[in-house]
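Quick note: the coordinates plus some simple rules give every number you see, no bench work behind them. These figures come from a predicted structure and were not determined experimentally. Note that each Cβ is placed from the backbone with ideal geometry, even for glycine, and that neighbours are counted across all protein chains shown.
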Amino acid sequence: MSNITPRDRTLPMLGAVLLAVIVLGPLLPKWALFLLTIAIAKGMVSLGLMLQLRAGLVSFGQALYYCIGGYTAGSLGRFFDISDMLLQMICGASAAAFVALILGFLLARYRGIFYGLLSMALSMILYGLLAKSESLGSTDGINILPSTIFGIRPVQEWVRYVVLVTGCSVAALAAALVQRYLKTPLGQLSPAIKDNEIRVEYMGASARKAIHVKYVIAAALSGIGGALAATAVGHIDPDMAYWTTSGEFIFITILAGTRSVAAPFLGAILFETIRTVAFDISPNTWQMTLGISLLLVIVFLPEGLWSLFSRRKAA
Amino acid sequence: MAVVLDARDLNKRFGAVTAANGVSAAIEQDSVVGLIGTNGAGKTTFINMITGYIKPDTGSIHFRGRDITALAPREITRVGICRSFQIPQLYASLSVFENMMVSLGVVLRNAGLGGFFSRGRPNVPGYDAPAEEVAERILERFGLGDYRDKNAQVLPGGVRKLLDIALTMAAKPSILLLDEPTSGVSAEEKFGMMEMVMAAVKAEGATVLFVEHDMEVVSRFAERVLAFYDGRIIADAAPEIALTDPEVKRYVVGGELHRMDEQKGAANA
Ligand SMILES: Nc1ncnc2c1ncn2[C@@H]1O[C@H](COP(=O)(O)OP(=O)(O)O)[C@@H](O)[C@H]1O
Ligand SMILES: [Mg+2]
């Protein structure tokens, strides 16, 4: 089974979903708007994980960049009085990408479990630093300024809707760009790197450089997700970088599969829904419910939820 | 004729083993060179040094006058020296066609084509056609058309070998090093396979070095023979001369006959 050629109906589909959110959003209850926004934010991180997973790499520390995105949004408000959602996301992505550009020189040398654990270690270092930094609220974290966009602050009634639509628009754009990237030779190198790095080198490409690029793109996506989550929740704390947060992202990515750039968002929505419902029904055993649902997906849909939607030839 | 590849006094030790002991060879443009020698004689080491997989302890390698001794494998590939492997190195989870497309994608990328912002389907350098067409063409040439959509993982041994060689053609190499292209292929099929490979390679115009144990195949296809023994080149001449050299007969050809007997013995056992 191959995963080298991304599907072509992706762009119209992204557009249709975005339109549906814009049109149907006002009909949804507030909690659903919030749930969807958080799912979109986490889906962004998961999209970044998917890029790495396609090359055979699992980062156990993607929360590092989620957290950097969140704290960039927080710092913009706290130190510069900036509350514009788009600016938060752009700065969150830039800050995350910059850090990844530096750390990537180290990470891109490692594979397998070392890549995973090293990324987790880096994330836990940030957690430790934030938990100790008074000016950023230590373990309590800080509040985010109420969201604005293009200088306008939506009325309370509509805030959740505006945040969701903004987040969805950015996510759709990001997913379209990632889709485009996956079609470039560098993007198509992912499964090749996973399969055989020796051959990659002997074809004249640098696997390390390709991984470095993916790492930076993944960080930028995660930074956007972190900023979006921050503005949606209105609060950030160091737990954003904690390893369990990274675990959630891996969970979502495995749930979703790597077949489409839309899959991570679907996975995230399902994840958030299961969690919310399971928590409502039985607050003490929701983790078990989540665990069982992942188990079912792994057993019955080994290539993730998305395989329900794509009927591909079995090779 | 012009020398394209010049290996000078290469030495390589692995602990107590001397895998290259003063190996020198100047390879002429468009020639076909057969590398012979028993297992462990240093043929693969020679190829590994030329393609940058291992660095010689001393000595130098020049390609068209340029010192490439210190270059990494991918840089050597980019100057136009490509190789196949004794054990095929494929992308197991991808189809035959996709294996080809990934290779061509790298060629495009290295030429600054097919990036994030480029539109349309650029032509692959050296082949005036877009990647899909070039892929089909190369696969046809190597008789791999029927396997186009098969996963590399499930291919029979000989087909894996062919694909491994076909992949090297993507970059349109000026020098091609084939490490035992016919190993694992039955004696009857060897000639057909070499015929096909040489035709495909010559169609693109490349200098070829190939490692081969079957002396009939060597004398049929090679214009020149380098005989390896114990990390040294003990003969460097046209096949009819090299293969009748007493030392070669004793250490290489005899060894090969012995080896074949062993294989037959093993097959009968
Ligand atoms: N990477 C390596 N590490 C240690 N020893 C090696 C390595 N590569 C080759 N050798 C040794 O060098 C000698 C030559 O090997 P090789 O070049 O593979 O021979 P051939 O290809 O002619 O069969 C052998 O004794 C082999 O064991
Ligand atoms: Mg060998």
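Tabulated data for the structure shown
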{"read-out": "Pair B:E247, A:F79: separation of 7 Å Cα→Cβ label points (nm)", "value": "7.3 nm"}
{"read-out": "Ascending count of other beta-carbon atoms within 10 Å, so fewest first, for A:C168, A:C67", "value": "A:C168, A:C67"}
{"read-out": "Ratio of Rg to Rh over chain B (Cα coordinates, Kirkwood Rh, two decimals)", "value": "0.98"}
{"read-out": "R0 of 25 Å, Cβ-Cβ distance B:D236-B:E140: FRET efficiency to nearest 0.05", "value": "0.10"}
{"read-out": "Theoretical FRET efficiency, 1/(1+(r/R0)^6), r = Cβ-Cβ of B:K55 and B:Q29, R0 25 Å, to 0.05", "value": "0.50"}
{"read-out": "Pairwise Cα inverse-distance average, inverted: Kirkwood Rh of the range A:29-241 (Å)", "value": "17.4 Å"}
{"read-out": "Over 18 Å (Cα to Cα) - which of A:K194/A:K214; A:K183/A:K214; B:K161/B:K190; B:K55/B:K172 fall in this group", "value": "B:K55/B:K172"}
{"read-out": "Rounded if a/c under 1.5, otherwise prolate or oblate - the range A:21-133, Cα gyration tensor axes", "value": "oblate"}
{"read-out": "Shielding by partners, peptide B:107-114 (average Cβ within 10 angstrom, other chains)", "value": "3"}
{"read-out": "Per-residue [θ]222 nm for the protein assembly as shown (sum of -39500 (n - 2.57) over DSSP H runs n ≥ 4, rounded to 500)", "value": "-18000 deg cm²/dmol"}
{"read-out": "Inter-site label distance for B:A111 and A:I113 at 7 Å from Cα along Cβ, in nm", "value": "4.4 nm"}
{"read-out": "Sorted by Cβ density within 10 Å, fewest first, the residues B:C82, A:C91", "value": "A:C91, B:C82"}
{"read-out": "Averaged over A:177-190, number of beta-carbon atoms from partner chains that fall within 10 Å", "value": "4"}
{"read-out": "Cα Rg over Rh - the protein assembly as shown, Kirkwood", "value": "1.08"}
